[in-house]
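Engineer: Please find one structure pasted underneath; my questions will follow.
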Amino acid sequence: MSNRGHDRLTAVAVKAFIKKNEPGKKLSDGRGLYLTITKGGEASWRLAYSFGGKEKTYALGLHGAGFGLAEARTARDAARALLRENKNPVNERRLERVAQRVSSEATFRVVAEAWFAEQRKGWSDVHDEKATRAFERDVYPTLGALPIHTISAPAVAELVRRITRRGVVETASRELQHMAAIFRRAMALGLYPDRENPAVVAQAMLPARPAVNPRPALLSFDELRDAIRRGERAHLSPSVRMAHLLTAFTVQRIGNVVEATWEQFALDSNEPTWTIPRAAMKVNKGRQFDHVVALGATIAAELRVWRDVTGGTGHVFKSPTGRETTITKESLDRAYSRTLGLSGKHSPHGWRAAFSTLAHEAPDGFEHDAIELALDHVHSSQVARAYDRGERRVERLRLATWWDSQLSSDTPLGERHRPSNVLPLVRPA
């Protein structure tokens, strides 16, 4: 055995000590490191040290299984380094074990749901539902149960590939942005290793986005009235037909149309309205008030007939299949492209473009802000935003009345709702 103050032992001396197997005996290597035999007959490396004025012992590990003399000295030196920083090595190991346990238990879904809980404070209900549903469908089945610190960039990249195979590049991009934020949260909490954000790296897997083409829209009243007449002649389900008319006459977003409920409508008023909750609107930040849509005489009359036929409770456009709560946006899109023969010419969203174009060009001279308010567009000025609370009500009613009369003129709807005529019964699917 060496006479130096530390690193005194040799592998031969350690082997001989263990062979004797004398519980309670100690074999010192210097600087507090020693080998002892436990009551159970195991050879254990330990470190004697002082901390806070008290003598303490730190169990470094059992001899063997990759933890021999060299490893014990390395562990001793690491513990001594902590002591020089006034850190108790025993406490530090406990903290490390807790962190490892938390890290192993912190699955991607746990961290993601905590992130969603924070984000939804500033999200609309609609956006929250869409984002959550997308993760339930695309992300959680693959990554949800995995400890977040084990997820690599290739794993995220493979997930992106599977999503984009469906042709939904925009969806994959949005989900990847959310995932990047979730990994950043994990990094901030110490739950993810100090390396590149895997969702940021995986963005390289997104295919190039196709050029965005404006949605087709008819831009003359003759063409728009022809689209109305086509809808009256076509073999559409009653729900799809009425959703088509509500979209055309109110120029509201198709998502708000298919999700409309009867409680949102005031049809028996002298000035019928449709009030869409702000939480359901695309634009919601900075606006605390609902979107009130003025209804012209023709569409109000059609809705009253539809209310009498359907019972006037719950959703306005219930799905005739029974598989969904309401008809889908896709069913309305299909009606335009297939049944009405408007593929590449006009779409449900096209009514908004047509309304904006024709209202701005109308000889009656409608105010720009009133047109934008009717479409619930974001306004560029504080003055315009101030009027978003309904002060343009008279102008918007005049606008709705003009649009209603233009669309219904020279169509079956116009004939049907002349005061002398009887309203026909429309049978639901």
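Engineer: Along the charge dipole of the chain, Cβ charges K/R +1 and D/E -1, which of Pro348, Ala301, Thr164 sits furthest on the positive end?
Structural biologist: Thr164
Engineer: In terms of modelled amide H atoms, which long-range or inter-chain residues lie less than 5 Å from the amide H of Thr107?
Structural biologist: Ile148
Engineer: Sticking with this structure for a sec: For the chain, what is the charge dipole size about the Cα centre, in debye to the nearest 20, if Lys and Arg each add +1 at the Cβ and Asp and Glu each add -1 at the Cβ? Intermediate values should be presented prior to the final figure.
Structural biologist: Numbers: 65 positive and 49 negative charges, 571 e Å.
Taking the Cα centre of the chain as origin, the dipole is about 2740 debye.
Engineer: Next question, about the same structure. When the solvent-accessible surface of protein heavy atoms is calculated with a 1.4 angstrom probe, in what order do Lys121, Lys56, Lys318 fall, highest first?
Structural biologist: Working: Lys121 155, Lys56 70, Lys318 95 Å².
The most accessible residue leads, giving Lys121, Lys318, Lys56.
Engineer: With the dipole of the chain worked out from charges on the C-beta (+1 for Lys and Arg, -1 for Asp and Glu) around the Cα centre, which of Gln406, Pro216, Thr150 lies farthest toward the positive end?
Structural biologist: Looking along the dipole axis, the top candidate is Thr150.
Engineer: Could you tell me how many degrees, from 0 to 90 and to the nearest 10, lie between the Cα long axis of helix 153-164 and the main elongation axis, the longest principal axis, of the Cα atoms of the chain?
Structural biologist: Taking the Cα atoms of the chain, the angle to 153-164 is about 20 degrees.
Engineer: Among the listed pairs Lys130/Lys318; Lys25/Lys87; Lys39/Lys87; Lys20/Lys54; Lys15/Lys87; Lys130/Lys345, which are separated by more than 24 Å between their Cα atoms? Working shown, then result.
Structural biologist: Working: Lys130/Lys318 20 Å; Lys25/Lys87 29 Å; Lys39/Lys87 30 Å; Lys20/Lys54 32 Å; Lys15/Lys87 33 Å; Lys130/Lys345 29 Å.
Lys25/Lys87; Lys39/Lys87; Lys20/Lys54; Lys15/Lys87; Lys130/Lys345, as the Cα separations exceed 24 Å there.
Engineer: Given a 10 angstrom Cα cut-off, can you work out which residue in Leu218, Leu413, Leu60 is the most mobile in a GNM of the chain?
Structural biologist: Leu60
Engineer: Moving on. Between Thr326 and residues 5 or more places away or on another chain, which pairs have amide H atoms under 5 Å apart, with H built 1.01 Å from N, and which residues are they?
Structural biologist: Under 5 Å from the amide H of Thr326 lie the amide H atoms of Ser319, each far enough along the sequence or on another chain.
Engineer: Quick check: convex hull of the Cα atoms in the chain, volume per residue, rounded to a whole Å³?
Structural biologist: Working: hull volume 99.7 nm³, N = 429.
That works out to 232 Å³ per residue.
Engineer: Restricting to DSSP H runs of at least four residues, report the calculated mean residue ellipticity at 222 nm for the chain, -39500 (n - 2.57) per run over all residues, nearest 500 deg cm²/dmol.
Structural biologist: Working: 18 runs with 198 residues, N = 429.
The helix-only estimate for the chain comes to -14000 deg cm²/dmol at 222 nm.
Engineer: Right, next: Taking the Cα atoms only, what angle lies between the long axis of helix 297-310 and the longest principal axis of the chain, rounded to 10 degrees?
Structural biologist: Between the helix axis and the principal axis of the chain, the angle is about 70 degrees.
Engineer: Please identify, among Gly344, Gly231, Gly52, the residue showing maximal mean-square fluctuation in a Gaussian network model of the chain using a 10 angstrom Cα cutoff.
Structural biologist: Top of the fluctuation ranking is Gly52.
Engineer: So what J values fall out for segment 73-83 if you push phi through Karplus, 6.51 cos²θ - 1.76 cosθ + 1.60 with θ = phi - 60°, rounded to Hz, Gly and Pro as x?
Structural biologist: Result, rounded to whole Hz: 5, 4, 5, 4, 5, 5, 5, 5, 5, 5, 4.
Engineer: Using Cα atoms only, what is the angle between the long axis of helix 125-134 and the major principal axis of the chain, expressed in degrees (0 to 90) to the nearest 10?
Structural biologist: 60
Engineer: In the full protein assembly as shown, how much of Glu118 is accessible to a 1.4 Å probe, in Å² to the nearest 10?
Structural biologist: 90
Engineer: To the nearest Å, what is the center-to-center distance of segment 302-323 and segment 112-153, using C-alpha atoms only?
Structural biologist: 34
Engineer: To continue, here is another question. List the aspartates and glutamates whose Cα lies under 17 Å from the Cα of Lys19, skipping any in the same chain that are fewer than 8 positions away.
Structural biologist: Qualifying aspartates and glutamates at Cα under 17 Å: Glu42.
Engineer: Then there is this: Using a 1.4 Å probe on the protein heavy atoms only, what accessible surface does Thr164 show? Give it in Å² to the nearest 10.
Structural biologist: Using a 1.4 Å probe on the heavy atoms, I get roughly 30 Å².
Engineer: Which listed residue (Phe366, Ala131, Trp115) has the Cα farthest towards the positive end of the charge dipole for the chain, taking +1 on Lys and Arg C-beta and -1 on Asp and Glu C-beta about the Cα centre?
Structural biologist: Trp115
Engineer: Please report the equivalent ellipsoid semi-axes of segment 137-292, computed as sqrt(5 x eigenvalue) of the Cα gyration tensor, largest first, in whole Å.
Structural biologist: Working: eigenvalues 381, 90, 39 Å².
Equivalent ellipsoid of segment 137-292: 44, 21, 14 Å, largest first.
Engineer: Amide H of His291 versus every other amide H placed in the peptide plane: which residues, excluding those fewer than 5 positions away on the same chain, fall under 5 Å?
Structural biologist: Distant-sequence amide H within range of His291: Ile276, Arg278.
The values are calculated or read from the model by the stated rules, or taken from the named source; none is laboratory data. Just so it is clear, the structure is predicted and the values come from calculations on it, not from any experiment. Glycine gets a Cβ as well: all are built from the backbone with ideal geometry, and neighbour counts include every protein chain shown. To get the accessible areas, we keep the full protein, side chains included, count just its heavy atoms, and leave off ligands, DNA and RNA. Shrake-Rupley method; radii C 1.70, N 1.55, O 1.52, S 1.80 Å.
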